[in-house]
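Quick note: the coordinates plus some simple rules give every number you see, no bench work behind them. In this text, all values refer to a predicted model and were calculated from it rather than measured experimentally. Every residue, glycine as well, gets a Cβ built from its backbone with ideal geometry; the counts of neighbours run over all protein chains shown.
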């Protein structure tokens with residue numbers, strides 16, 4: 001008797017590829033970007049839907065008339081977990097994917113799912129220098145990841161649910177990399193560290209990615225926002241942001257750099273911030289949430305690697 005599998009993937013393009021590789025089972029796609037905007041703990045209830053739609057409409061001018069069809073329909077598939085013998089999660093090593101994955105696992109915990117749960121997570125690959133996303137894997141590498149998928153334990157599920165609950169709360173201080181110790185989420189500690197660095201550094205007002213963006217302008221001859229976006233995407237480490245997130249960050253930092261002789265240069269305000277002088281964080285007058293907390297509710301202390309509540 002064959003095993004009936006539900007595959008939960010991080011994108012529609014991965015679904016198409018897995019089908020071509022003859023990966024068997026049904027598919028649900030986690031079509032959300034929970035690394036940005038307000039979130040609530042109970043996945044898919046009316047409060048959650050209203051909160052997410054408001055964020056997507058306000059921050060990205062996304063028409064959310066079909067939100068329930070695009071995302072809610074996939075939750076409905078996952079709700080039918082009793083029809084399956086096993087569930088396989090397909091996510092990547094970065095913060096973007098890991099927050100989605102924590103939410104997905106929490107959703108199954110909320111549904112009291114007790115089926116065997118496996119994880120296929122891209123990242124380190126034998127013979128490769130850099131971490132790799134699923135889309136960067138060869139068919140052979142992807143199949144090897146699948147054959148060596150990691151079984152998730154009860155403690156892993158409890159941890160994921162805890163991380164999601166903390167992320168949805170207004171207190172992110174307990175979100176510590178050490179929480180991931182002894183779990184099967186081998187990239188989670190790095191993702192938690194990356195998340196903490198999304199808050200403004202206590203002196204400059206810039207977070208890690210914002211500071212990195214300005215340094216890229218100083219290092220390279222960049223002549224357009226499109227080119228700058230490409231540099232940030234290529235050198236962003238564990239964040240996993242896409243074009244939308246990076247272009248929004250560029251817009252937020254537009255007063256920190258200007259054009260001169262056809263190229264971007266960091267202006268006086270930007271240099272002042274990079275020098276670690278105490279200035280107002282960029283975009284502080286705008287609404288910006290990570291889960292349950294405002295980006296401007298904390299400062300990141302670089303020496304202690306801790307968040308300080310303002």
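Order these peptides, 6-13, 70-77, by their mean beta-carbon neighbour count within 10 angstrom, highest first.
So the order, starting with the most tightly packed, is 6-13, 70-77.
Please work out how much length the chain gains when fully extended from residue 68 to residue 54, using 0.36 nm per residue of separation minus the C-alpha to C-alpha distance, in nm with one decimal.
Result: 3.7 nm gained on full extension.
Please list, in order, the residues from the range 241-265 whose amide nitrogen is less than 18 Å from a point placed 7 Å along the Cα→Cβ vector of residue 223.
Hits in the range 241-265 for residue 223 at 18 Å: 258-265.
If you stretched the chain out fully between residue 151 and residue 170, how much longer would it get, using 0.36 nm times the residue separation minus the C-alpha to C-alpha distance?
So the extension gain works out to 3.7 nm.
Working only with C-alpha atoms, what are the Rg and Dmax values of the range 208-309, expressed in angstrom?
In Å, with Rg to one decimal and Dmax whole: 14.0, 43.
Can you tell me the 0 to 90 degree angle between the C-alpha axis of helix 243-252 and the longest principal axis of the chain, rounded to 10?
Here the helix axis deviates by roughly 20 degrees.
Against the longest alpha carbon principal axis of the chain, how many degrees, from 0 to 90 and to the nearest 10, is the axis of helix 95-110 turned?
40 degrees
Find, to one decimal place in angstroms, the Kirkwood hydrodynamic radius of the range 5-196, where the mean of 1/r is taken over every pair of different Cα atoms and then inverted.
One decimal place: 17.2 Å for the Kirkwood radius.
Express in nm, to one decimal, how much length is gained between residue 271 and residue 251 on full extension, taking 0.36 nm for each residue of separation and deducting their alpha carbon distance.
The residue 271-residue 251 span can extend by a further 5.5 nm.
Diagonalise the Cα gyration tensor of the range 226-285 and give the resulting equivalent ellipsoid semi-axes, square root of 5 times each eigenvalue, largest first, whole Å.
20, 16, 11
Per residue of the chain, what 222 nm ellipticity follows from adding -39500 (n - 2.57) for every DSSP H run with n ≥ 4, rounded to the nearest 500?
When only DSSP H runs of four or more count, the value is -11500 deg cm²/dmol.
Given R₀ = 41 Å, what would the calculated FRET efficiency be for residue 45 paired with residue 215, taking r from the Cβ atoms and rounding to 0.05?
0.45
Evaluate E = 1/(1 + (r/R0)^6) for residue 2 and residue 125, where r is the Cβ-Cβ distance and R0 equals 45 Å; express this FRET efficiency to the nearest 0.05.
0.90
In µm²/s, what is D for the range 137-194 at 4 °C and 1.567 mPa s, where D = kT/(6 pi eta Rh) by Stokes-Einstein and Rh is the Kirkwood radius from Cα pairs?
100 µm²/s
Could you grab the Rg to Rh ratio for the range 74-157? Cα atoms only, Kirkwood for Rh.
0.99
With a point put 7 Å past each Cα toward its Cβ, work out how far residue 138 is from residue 243 in nm, to one decimal.
Taking the two extended label points, one gets 2.9 nm.
Between 0 and 90 degrees, rounded to the nearest ten: what's the tilt of helix 208-219 against the longest Cα principal axis of the chain?
It is inclined by approximately 60 degrees.
Sequence gap at least 6, Cα distance under 8 Å: using those rules, report the relative contact order of the range 189-242 to the nearest whole percent.
Relative contact order, the range 189-242: 32 percent.
Build a GNM of the chain with springs between Cα atoms under 10 Å: which of 147, 299, 176 gets the top mean-square fluctuation?
So, out of 147, 299, 176, the one fluctuating most is 147.
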